[in-house]
Amino acid sequence: MNNELRHPLTDLTAGSILRLRDGQGMAVVVFEGLVWITQSGDRRDIVLAAGESFSVDRPGLTLVQAFRDSKLMVVEGGPQAAAWPTTSSTELHQSARAQRSAAIGDSLAKGAVALRGLVAHAFARSPTAPAPRPMTLCSAAR
């Protein structure tokens, strides 16, 4: 299974590969699991466990493969990276969790608004309910 970079916090199952194209300046931070990193034109093999990080220092393709189910984050360079705390992987992990929680909260709020709109639309279009019929008691003659 191959995954392209889509979100800062990434889950990789054992054996899956994350491709970073022109990743120079990015940092890979591992929160759980064990990953192997290789870069184009680099003979080194970089193996990271939970709590470790690596800064991609070469242009071209960088591959990150999970040896075990792993959770990692790729922090991009430039002005966005300056907003991330760089003192420890624990702070990066907390920041990533806060961002993920905020994104989930935003999605839930948007879903609730959409659901309310659908319900309101459905009730606005439904015909008025028919008047209840009077109840008639029947007795069976034996």
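Taken together, the values in this text are just the output of simple stated rules run on the coordinates, not laboratory data. All of these numbers come straight from a predicted model, not from anything done at the bench. All Cβ positions, even for glycine, are placed from backbone atoms using ideal geometry, and neighbour counts span all protein chains on display.
Arrange the peptides 43-56, 107-120, 62-75 so that the one whose residues have, on average, the most other Cβ atoms within 10 Å appears first. Spell out each step's value before the answer.
Working: 43-56: 14.5, 107-120: 10.0, 62-75: 19.9.
The densest-packed peptide leads the list: 62-75, 43-56, 107-120.
What distance in nm separates the simple spin-label points at Lys110 and Asp69, each placed 7 Å from Cα in the Cβ direction?
It works out to 2.8 nm between the two label points.
Taking H placed 1.01 Å from N in the peptide plane, check which residues at least 5 places from Ala50 or on another chain put their amide H under 5 Å from its amide H.
Counting only residues 5 or more places away or on other chains, the set is Gly33.
Long-range amide H contacts for Val56: which residues qualify at under 5 Å (H placed 1.01 Å from N, peptide plane, sequence gap of 5 or more or a different chain)?
Long-range HN contacts for Val56: Gly25, Met26, Ala27, Val28.
Would you kindly state how much longer the chain becomes between Val119 and Trp36 on full extension, computed as 0.36 nm times their sequence separation minus their alpha carbon distance, in nm to one decimal? Intermediate values should be presented prior to the final figure.
On the way: separation 83, 0.36 × 83 = 29.88 nm, distance 4.92 nm.
Fully extending the segment from Val119 to Trp36 adds 25.0 nm.
How far apart, in nm, are two points set 7 Å out from the Cα along the Cα-to-Cβ line at Arg133 and at Asp22?
Simple spin-label model gives 7.3 nm for this pair.
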